[in-house]
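Asks: One structure is given below, represented as C-alpha coordinates, and several questions about it will come after.
The values are calculated or read from the model by the stated rules, or taken from the named source; none is laboratory data. Here the structure is a predicted model, which means the values were calculated and not measured. For neighbour counting, all protein chains shown are included, and Cβ atoms are generated from backbone atoms with ideal geometry for every residue, glycine included. In case anyone asks, the SASA skips ligands and DNA or RNA and just uses the protein heavy atoms, side chains included. Shrake-Rupley method; radii C 1.70, N 1.55, O 1.52, S 1.80 Å.
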Amino acid sequence: MITNQNKILPGLIPPYKDELLSSWIYRLAIEHKIKPQSFTSYYLNNSHFWTRDVDKFQPVEILKKISNITGLNIEKINELQLNSFSNKLFENKLSPSYTDGLTNLGIYHRNRKRFGLLTCPSCLEKKPYFKKEWRLMTSIACTECKCHLIDKCSNCQAPIIFHRLDIGNKNKFNEKPFYLCWNCNNDYRRQIKIIENSSLLFIYQNYINNLLINGYNETYQYSFLYLKILLLFFRKITTRSLKWNRIRDGFIKEYKLISKEYYTTNMIYETSLEFRSNNLPHLFELLNDIEHNFIPFCKKNKIRYSDFSKDDKHLPFWFYEIFMKYY
(Lines give C-alpha, C1' and ligand atoms only; values in the text may rest on other atoms or scores of the structure.)
Protein backbone atom coordinates (compact mmCIF):
# COMPACT_ATOMS: atom_id res chain seq x y z
CA MET A 1 0.00 0.00 0.00
CA ILE A 2 1.40 3.41 -1.01
CA THR A 3 0.99 6.09 1.66
CA ASN A 4 2.24 9.61 2.25
CA GLN A 5 4.97 8.02 4.41
CA ASN A 6 6.82 6.47 1.45
CA LYS A 7 6.06 8.91 -1.32
CA ILE A 8 8.89 10.95 -2.79
CA LEU A 9 8.20 14.29 -4.41
CA PRO A 10 8.61 14.09 -8.20
CA GLY A 11 10.51 17.38 -8.41
CA LEU A 12 14.01 17.75 -6.94
CA ILE A 13 13.99 21.29 -5.53
CA PRO A 14 16.94 21.90 -3.20
CA PRO A 15 16.95 24.80 -0.75
CA TYR A 16 18.77 27.97 -1.70
CA LYS A 17 21.75 29.29 0.23
CA ASP A 18 20.79 30.24 3.82
CA GLU A 19 17.10 29.66 3.10
CA LEU A 20 14.58 29.40 5.91
CA LEU A 21 12.89 26.04 6.34
CA SER A 22 9.44 27.65 6.00
CA SER A 23 10.46 29.30 2.74
CA TRP A 24 11.70 26.01 1.29
CA ILE A 25 8.59 24.08 2.35
CA TYR A 26 6.40 26.77 0.81
CA ARG A 27 8.37 26.64 -2.44
CA LEU A 28 8.12 22.84 -2.53
CA ALA A 29 4.34 23.10 -2.27
CA ILE A 30 4.00 25.82 -4.90
CA GLU A 31 6.37 24.13 -7.36
CA HIS A 32 4.27 20.97 -7.11
CA LYS A 33 1.06 23.00 -7.58
CA ILE A 34 -0.27 22.14 -4.13
CA LYS A 35 -1.65 24.56 -1.57
CA PRO A 36 0.88 24.86 1.29
CA GLN A 37 -1.67 23.88 3.96
CA SER A 38 -2.68 20.79 1.96
CA PHE A 39 0.97 19.96 1.29
CA THR A 40 1.97 19.87 4.97
CA SER A 41 -1.25 18.12 5.99
CA TYR A 42 -0.75 15.32 3.46
CA TYR A 43 3.01 14.85 3.15
CA LEU A 44 3.93 15.70 6.75
CA ASN A 45 0.68 14.57 8.34
CA ASN A 46 0.65 17.89 10.20
CA SER A 47 -2.35 20.18 9.82
CA HIS A 48 -0.92 22.64 12.38
CA PHE A 49 2.42 23.18 10.64
CA TRP A 50 1.77 26.86 9.81
CA THR A 51 0.31 27.70 13.23
CA ARG A 52 3.74 27.52 14.88
CA ASP A 53 7.09 29.21 14.40
CA VAL A 54 8.19 26.73 11.74
CA ASP A 55 11.79 27.91 11.66
CA LYS A 56 12.55 27.72 15.38
CA PHE A 57 12.01 24.08 16.08
CA GLN A 58 10.65 21.00 14.36
CA PRO A 59 10.30 17.57 16.03
CA VAL A 60 12.60 14.83 14.72
CA GLU A 61 9.57 12.98 13.30
CA ILE A 62 8.72 15.96 11.07
CA LEU A 63 12.33 16.33 9.95
CA LYS A 64 12.40 12.63 9.03
CA LYS A 65 9.25 13.02 6.95
CA ILE A 66 10.72 16.02 5.14
CA SER A 67 13.89 14.04 4.50
CA ASN A 68 11.91 11.04 3.21
CA ILE A 69 9.92 13.02 0.63
CA THR A 70 12.79 15.25 -0.54
CA GLY A 71 15.88 13.06 -0.26
CA LEU A 72 17.68 15.77 1.72
CA ASN A 73 19.41 14.46 4.84
CA ILE A 74 18.30 15.66 8.28
CA GLU A 75 21.59 17.46 8.95
CA LYS A 76 21.05 19.72 5.94
CA ILE A 77 17.41 20.28 6.86
CA ASN A 78 18.53 21.30 10.36
CA GLU A 79 20.73 23.95 8.75
CA LEU A 80 17.54 25.63 7.47
CA GLN A 81 16.29 26.19 11.02
CA LEU A 82 17.20 29.05 13.33
CA ASN A 83 18.87 26.71 15.80
CA SER A 84 21.74 26.65 13.29
CA PHE A 85 22.74 30.00 14.86
CA SER A 86 23.51 28.21 18.12
CA ASN A 87 26.93 29.22 19.50
CA LYS A 88 27.09 32.03 16.97
CA LEU A 89 24.20 34.37 17.70
CA PHE A 90 23.31 32.81 21.03
CA GLU A 91 24.93 30.27 23.32
CA ASN A 92 23.61 26.72 23.43
CA LYS A 93 20.15 25.86 22.03
CA LEU A 94 17.32 28.26 21.32
CA SER A 95 14.12 28.38 23.30
CA PRO A 96 10.85 27.57 21.46
CA SER A 97 9.28 30.63 23.11
CA TYR A 98 11.86 33.44 23.01
CA THR A 99 15.59 33.57 22.33
CA ASP A 100 17.63 36.75 22.58
CA GLY A 101 18.65 37.89 19.11
CA LEU A 102 15.73 36.33 17.22
CA THR A 103 12.65 38.22 16.14
CA ASN A 104 9.21 37.24 17.40
CA LEU A 105 6.38 36.57 14.94
CA GLY A 106 3.45 37.00 17.34
CA ILE A 107 1.71 33.87 16.08
CA TYR A 108 -2.07 33.69 16.28
CA HIS A 109 -3.29 30.59 14.44
CA ARG A 110 -1.95 31.01 10.88
CA ASN A 111 -1.73 34.77 11.25
CA ARG A 112 1.17 36.89 12.55
CA LYS A 113 0.69 39.90 14.83
CA ARG A 114 4.30 41.11 14.93
CA PHE A 115 6.70 42.21 12.23
CA GLY A 116 9.17 39.41 12.86
CA LEU A 117 9.95 38.37 9.29
CA LEU A 118 12.14 40.75 7.29
CA THR A 119 13.10 40.77 3.64
CA CYS A 120 15.24 42.60 1.12
CA PRO A 121 13.06 43.96 -1.72
CA SER A 122 16.00 43.81 -4.10
CA CYS A 123 16.79 40.16 -3.26
CA LEU A 124 13.17 39.21 -3.95
CA GLU A 125 13.58 40.64 -7.42
CA LYS A 126 16.66 38.50 -8.11
CA LYS A 127 15.68 35.17 -6.54
CA PRO A 128 12.46 35.01 -4.51
CA TYR A 129 13.04 33.17 -1.24
CA PHE A 130 13.43 34.07 2.44
CA LYS A 131 16.78 33.88 4.25
CA LYS A 132 17.58 32.81 7.80
CA GLU A 133 19.31 36.11 8.56
CA TRP A 134 15.98 37.89 8.01
CA ARG A 135 14.80 36.53 11.38
CA LEU A 136 17.62 38.16 13.35
CA MET A 137 17.28 41.24 15.55
CA THR A 138 20.70 42.33 14.32
CA SER A 139 19.69 42.34 10.64
CA ILE A 140 18.70 45.74 9.31
CA ALA A 141 20.22 45.87 5.82
CA CYS A 142 21.28 43.67 2.91
CA THR A 143 24.98 44.26 2.21
CA GLU A 144 24.80 42.36 -1.08
CA CYS A 145 22.13 44.64 -2.54
CA LYS A 146 23.10 47.68 -0.43
CA CYS A 147 19.46 47.98 0.49
CA HIS A 148 17.43 48.55 3.66
CA LEU A 149 15.44 45.54 4.83
CA ILE A 150 11.68 45.87 5.25
CA ASP A 151 9.28 44.19 7.70
CA LYS A 152 5.89 45.25 6.41
CA CYS A 153 3.91 46.32 3.37
CA SER A 154 4.23 50.06 2.74
CA ASN A 155 0.68 50.17 1.41
CA CYS A 156 -1.42 48.35 4.04
CA GLN A 157 1.18 48.02 6.86
CA ALA A 158 0.54 44.26 7.13
CA PRO A 159 3.37 41.99 8.36
CA ILE A 160 5.15 39.82 5.81
CA ILE A 161 3.40 36.42 5.91
CA PHE A 162 4.21 34.64 2.65
CA HIS A 163 2.37 31.41 3.52
CA ARG A 164 -0.89 33.39 3.45
CA LEU A 165 -0.45 34.23 -0.22
CA ASP A 166 -2.65 31.23 -1.05
CA ILE A 167 -5.63 32.23 1.12
CA GLY A 168 -8.97 32.48 -0.62
CA ASN A 169 -10.80 29.59 -2.23
CA LYS A 170 -9.60 26.55 -0.27
CA ASN A 171 -10.38 24.26 -3.22
CA LYS A 172 -8.44 26.28 -5.79
CA PHE A 173 -4.66 26.48 -6.14
CA ASN A 174 -3.61 30.12 -6.12
CA GLU A 175 -0.01 30.82 -7.06
CA LYS A 176 1.36 34.26 -6.23
CA PRO A 177 5.01 35.37 -6.21
CA PHE A 178 6.90 35.96 -2.95
CA TYR A 179 7.27 39.66 -3.67
CA LEU A 180 3.55 40.39 -3.31
CA CYS A 181 1.84 41.40 -0.08
CA TRP A 182 -0.56 38.66 1.00
CA ASN A 183 -3.10 41.24 2.17
CA CYS A 184 -3.25 43.83 -0.64
CA ASN A 185 -1.05 42.46 -3.47
CA ASN A 186 1.32 45.42 -3.20
CA ASP A 187 4.71 44.70 -4.77
CA TYR A 188 7.48 44.70 -2.11
CA ARG A 189 10.02 45.41 -4.85
CA ARG A 190 8.76 48.99 -4.93
CA GLN A 191 10.13 49.51 -1.41
CA ILE A 192 13.82 49.44 -2.34
CA LYS A 193 15.83 52.02 -0.41
CA ILE A 194 19.55 52.08 -1.17
CA ILE A 195 22.30 52.63 1.41
CA GLU A 196 25.86 53.83 0.82
CA ASN A 197 28.95 51.64 1.31
CA SER A 198 30.46 54.31 3.51
CA SER A 199 27.44 54.63 5.81
CA LEU A 200 27.68 53.52 9.43
CA LEU A 201 24.65 51.29 8.86
CA PHE A 202 26.43 49.38 6.06
CA ILE A 203 29.67 49.08 8.05
CA TYR A 204 27.71 47.78 11.04
CA GLN A 205 25.80 45.18 9.02
CA ASN A 206 28.91 44.00 7.21
CA TYR A 207 30.67 43.51 10.55
CA ILE A 208 27.76 41.56 12.03
CA ASN A 209 27.40 39.36 8.94
CA ASN A 210 31.08 38.42 8.92
CA LEU A 211 31.02 37.76 12.65
CA LEU A 212 28.08 35.36 12.30
CA ILE A 213 29.51 33.61 9.26
CA ASN A 214 32.84 32.88 10.93
CA GLY A 215 31.67 32.60 14.54
CA TYR A 216 34.58 34.78 15.65
CA ASN A 217 36.88 37.60 14.52
CA GLU A 218 40.27 39.05 15.43
CA THR A 219 38.82 40.67 18.57
CA TYR A 220 36.28 38.15 19.85
CA GLN A 221 36.95 34.43 20.22
CA TYR A 222 33.23 33.65 20.07
CA SER A 223 30.71 35.76 18.21
CA PHE A 224 27.93 35.22 20.78
CA LEU A 225 30.07 36.84 23.50
CA TYR A 226 30.09 40.09 21.53
CA LEU A 227 26.47 39.87 20.41
CA LYS A 228 25.31 39.25 23.96
CA ILE A 229 26.72 42.65 24.97
CA LEU A 230 25.42 44.41 21.86
CA LEU A 231 21.89 43.14 22.56
CA LEU A 232 22.22 43.89 26.27
CA PHE A 233 23.27 47.45 25.38
CA PHE A 234 20.24 47.69 23.10
CA ARG A 235 17.98 46.42 25.88
CA LYS A 236 19.35 49.04 28.28
CA ILE A 237 18.46 51.94 25.98
CA THR A 238 14.84 50.78 25.92
CA THR A 239 14.38 50.36 29.66
CA ARG A 240 11.21 51.61 31.30
CA SER A 241 12.92 51.79 34.68
CA LEU A 242 12.71 55.12 36.49
CA LYS A 243 15.89 54.34 38.42
CA TRP A 244 18.23 52.32 36.18
CA ASN A 245 18.12 54.64 33.17
CA ARG A 246 21.59 56.20 32.93
CA ILE A 247 22.50 54.20 29.82
CA ARG A 248 19.27 55.11 28.03
CA ASP A 249 19.36 58.79 28.93
CA GLY A 250 23.07 59.10 28.14
CA PHE A 251 22.61 57.44 24.76
CA ILE A 252 19.67 59.66 23.79
CA LYS A 253 21.66 62.74 24.82
CA GLU A 254 24.78 61.56 22.97
CA TYR A 255 23.06 60.99 19.62
CA LYS A 256 20.12 63.41 19.97
CA LEU A 257 17.60 60.78 18.97
CA ILE A 258 13.85 60.97 19.52
CA SER A 259 11.48 58.01 19.76
CA LYS A 260 8.75 56.91 22.15
CA GLU A 261 10.16 53.36 21.89
CA TYR A 262 12.95 54.33 24.30
CA TYR A 263 10.32 54.59 27.04
CA THR A 264 7.46 52.28 26.03
CA THR A 265 9.08 49.05 24.85
CA ASN A 266 8.81 46.13 27.24
CA MET A 267 10.94 43.59 25.34
CA ILE A 268 13.49 44.25 22.60
CA TYR A 269 11.66 41.95 20.18
CA GLU A 270 8.81 44.48 20.33
CA THR A 271 11.01 47.20 18.82
CA SER A 272 10.37 48.26 15.26
CA LEU A 273 12.82 47.67 12.42
CA GLU A 274 13.09 51.45 12.02
CA PHE A 275 14.07 51.82 15.67
CA ARG A 276 16.70 49.09 15.40
CA SER A 277 18.06 50.65 12.21
CA ASN A 278 18.45 54.01 13.94
CA ASN A 279 20.12 52.65 17.07
CA LEU A 280 22.10 49.45 16.52
CA PRO A 281 24.75 51.11 14.31
CA HIS A 282 25.43 53.70 17.05
CA LEU A 283 25.74 51.00 19.71
CA PHE A 284 28.16 49.21 17.41
CA GLU A 285 30.09 52.46 16.98
CA LEU A 286 30.51 52.81 20.74
CA LEU A 287 31.62 49.20 21.22
CA ASN A 288 33.87 49.24 18.17
CA ASP A 289 36.31 51.64 19.84
CA ILE A 290 36.33 50.94 23.56
CA GLU A 291 39.04 53.41 24.51
CA HIS A 292 37.89 56.42 22.47
CA ASN A 293 34.13 55.90 22.25
CA PHE A 294 32.70 53.54 24.86
CA ILE A 295 34.72 54.55 27.92
CA PRO A 296 34.31 58.34 27.38
CA PHE A 297 30.57 57.74 26.88
CA CYS A 298 30.34 55.79 30.16
CA LYS A 299 32.38 58.25 32.19
CA LYS A 300 30.53 61.28 30.85
CA ASN A 301 27.20 59.74 31.86
CA LYS A 302 28.43 58.17 35.14
CA ILE A 303 27.65 54.68 33.85
CA ARG A 304 29.03 51.82 35.94
CA TYR A 305 29.44 48.12 35.32
CA SER A 306 26.45 47.50 37.60
CA ASP A 307 24.23 49.45 35.21
CA PHE A 308 24.83 46.67 32.70
CA SER A 309 25.07 43.69 35.05
CA LYS A 310 22.03 44.42 37.24
CA ASP A 311 19.85 41.83 35.49
CA ASP A 312 22.60 39.46 34.38
CA LYS A 313 25.50 38.57 36.66
CA HIS A 314 27.15 36.34 34.05
CA LEU A 315 28.40 38.80 31.46
CA PRO A 316 31.44 37.95 29.29
CA PHE A 317 34.78 38.47 30.99
CA TRP A 318 36.05 40.77 28.19
CA PHE A 319 33.33 43.25 29.10
CA TYR A 320 34.01 43.09 32.84
CA GLU A 321 37.72 43.55 32.12
CA ILE A 322 37.03 46.88 30.38
CA PHE A 323 35.64 48.43 33.54
CA MET A 324 38.45 46.96 35.64
CA LYS A 325 41.02 48.51 33.29
CA TYR A 326 39.57 51.99 32.80
CA TYR A 327 37.81 52.66 36.11
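Asks: Checking residue 149 against (1) under 18 Å from residue 112 (Cα atoms); (2) surrounded by 15 or more Cβ atoms within 10 Å (Cβ to Cβ), which test does it fail?
Replies: Answer for residue 149: the failing condition is (1).
Asks: Given the conditions (1) modelled with pLDDT of 95 or more; (2) in contact with a helix residue (DSSP H, G or I) (Cβ under 7 Å, 6 or more places away or on another chain), which single one is not true for residue 174?
Replies: (1)
Asks: While we're on this one: Give me the pairs: first residue in region 290-313 and more than 13 Å from residue 326 (Cα to Cα), second residue open to solvent by 10 Å² or more (accessible area, probe 1.4 Å) and not in a helix (DSSP H, G or I), beta-carbon distance under 8 Å, and six or more apart or on different chains, which are they?
Replies: Short answer, once both residue conditions are applied: 307/244; 308/315; 309/315; 310/244.
Asks: Of the residues 179, 220, only one is surrounded by 13 or more Cβ atoms within 10 Å (Cβ to Cβ), under 30 Å from residue 321 (Cα atoms) and among the hydroxyl-bearing types (Ser, Thr, Tyr); which?
Replies: 220
Asks: Same structure again: Looking at region 185-207 only, could you name the residues that are more than 16 Å from residue 140 (Cβ to Cβ) and surrounded by 12 or more Cβ atoms within 10 Å (Cβ to Cβ)?
Replies: Residues satisfying the conditions are 185, 186, 187, 188, 189.
Asks: Just for region 52-75: of the residues that are in contact (Cβ under 8 Å) with a residue 60 or more places away in the chain and over 19 Å from the mean Cα position of the chain (by Cα), which one is least open to solvent (accessible area, probe 1.4 Å)?
Replies: It comes out as 69.
Asks: Another question about this same structure. Go through (1) closer than 13 Å to residue 163 by Cβ; (2) surrounded by fewer than 15 Cβ atoms within 10 Å (Cβ to Cβ) one by one and return the number of the condition residue 49 breaks.
Replies: Evaluating residue 49 over (1) closer than 13 Å to residue 163 by Cβ; (2) surrounded by fewer than 15 Cβ atoms within 10 Å (Cβ to Cβ) leaves (2) as the failure.
Asks: For region 24-46, name all the residues that are charged (D, E, K, R) and either in a loop (DSSP other than H, G, I, E, B) or surrounded by fewer than 17 Cβ atoms within 10 Å (Cβ to Cβ) (or both).
Replies: 31, 33, 35
Asks: Under 8 Å between Cβ atoms, at least 6 apart or on separate chains: pull out the pairs that start in region 254-266 with a residue that is under 9 Å from residue 238 (Cβ atoms) and end on any residue that is open to solvent by 70 Å² or more (accessible area, probe 1.4 Å).
Replies: Listed pairs, sorted by first residue: 263/240; 264/240; 265/240; 266/240.
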